[in-house]
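The values are calculated or read from the model by the stated rules, or taken from the named source; none is laboratory data. Computed from a prediction, not measured in an experiment: that's the story for all the values here. Glycine gets a Cβ as well: all are built from the backbone with ideal geometry, and neighbour counts include every protein chain shown. Note: areas computed on protein heavy atoms with side chains; ligands, DNA, RNA excluded. Shrake-Rupley method; radii C 1.70, N 1.55, O 1.52, S 1.80 Å.
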Amino acid sequence: MSTTHAAPDRESLRDLAVSVAAEAGELAAKGQAGITVLDTKSSPTDVVTEMDRATEELVRARLLAARPDDAFLGEEGGGEGGTSGVRWVVDPIDGTVNYLYGRSDWAVSVAAEVDGVVVAAAVNVPRLGESYEAVLGGGARLNGRVLEAPPAVPLEQALVATGFGYFPERRVQQARVLLEVIPRIRDIRRGGSAAVDLTGLAAGRCNAYYERGLHPWDWCAPGLVASEAGLRLGGARSGPPSNDLVIAARPELYGALEALLAPLGADTDG
Ligand code: IPD
Ligand code: CA
């Protein structure tokens, strides 16, 4: 992406993300009752509903109406160009399986990258009445109040959230990893939405999170909320978050979890 443009104001990107995510969350919440599977994606368990597509279309239309020169990457519709240096990374419904089953743990995630760095984010969790927002270097908020993740706990007292991919072979390896993790921690939670897991971690509903197989739309917005709330966010082999692995926790706990996961091949399919 070109760097010749003037850097946009991060707060205005955040404000746009927050209002569009709220409108999209309202639309998706209205459409949840009676929703059915429209199609499958990477595997027969990886489903999409008409509301995933309608919600992404609303987000895309609102963002590009406000900022026509920006690029856009959405889980359902893929990417399209742009010349401003800003790219929006969007998951219209993170937690589609929860959405399909009438559950409450799903979210609309909207992140703004400038030259590849996530600088502003909004995660709207309509059924929980929660609007998370963050600006790089400017902190995170939940429903307007400053959000700071609780202090670390020792690994053996940690409630750890995780998730499983849509490919059977990957799930077998994820279960092998879990066999070694679960005796060494307080317990595991599998909530069904990476965005709700990561923002919930920032809000103190667990102590750590790890998952293999996520995509940028899964972690960009909630990852900025998590890191701005004081959590360390990273990936495999001390690198940044990636499809191989995402880990998040307070720094002291992060190190212990990373040391537990690395020899288990948590960033591999076994
Ligand atoms: C999924 C959720 C789930 C995670 C999967 C993701 P989707 O996103 O975040 O918690 O375990 O890896 O793909 O498909 O519901 O948008
Ligand atoms: Ca999704």
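Figures for the structure shown
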item	result
Shape category assigned to the stretch 36-77 from the gyration tensor of Cα positions, a/c cut at 1.5	oblate
Point-to-point label distance, Val146-Arg190, nm (Cα→Cβ direction, 7 Å offset)	3.8 nm
Percent antiparallel among DSSP beta bridges (both partners in the chain, rounded to 5)	80 percent
Percent carbon-and-sulfur accessible area, the chain, ignoring ligands, DNA and RNA, probe 1.4 Å	52 percent
Of Pro68, Leu27, Val48, farthest towards positive along the dipole that unit charges on Lys, Arg, Asp, Glu beta carbons give the stretch 3-92	Pro68
Max mean-square fluctuation residue, GNM over the chain, Cα-Cα springs under 10 Å, options Ala71, Ala122, Ala112	Ala71
Rounded to the nearest 20 debye, dipole of the stretch 106-188 from Cβ charges on Lys, Arg, Asp, Glu	260 debye
Distance-filtered residues of the stretch 85-100 - backbone nitrogen under 16 Å, label point 7 angstrom along Glu50 Cα→Cβ	100
Computed helical MRE - 222 nm, the chain, DSSP H runs ≥ 4 contributing -39500 (n - 2.57), nearest 500	-10500 deg cm²/dmol
Accessible area (Å², per residue) of the chain, counting only protein heavy atoms and a probe of 1.4 Å	42 Å²
Charged-residue dipole, Cβ positions (Lys, Arg, Asp, Glu), the stretch 132-270 about Cα centre, Debye nearest 20	220 debye
With all protein chains modelled, accessible area of Asp15 [1.4 Å, Å²]	80 Å²
Whether the stretch 50-103 is rounded, prolate or oblate, judged on the alpha carbon gyration tensor where a/c under 1.5 counts as rounded	prolate
Efficiency of FRET from Cβ geometry, Lys41 and Glu180, R₀ 30 Å, rounded to 0.05	0.50
Size of charge dipole - the stretch 10-147 - debye, nearest 20, with Cβ of Lys, Arg +1 and Asp, Glu -1, no other charges	380 debye
DSSP bridge orientation in the stretch 10-147 - percent antiparallel, rounded to nearest 5	90 percent
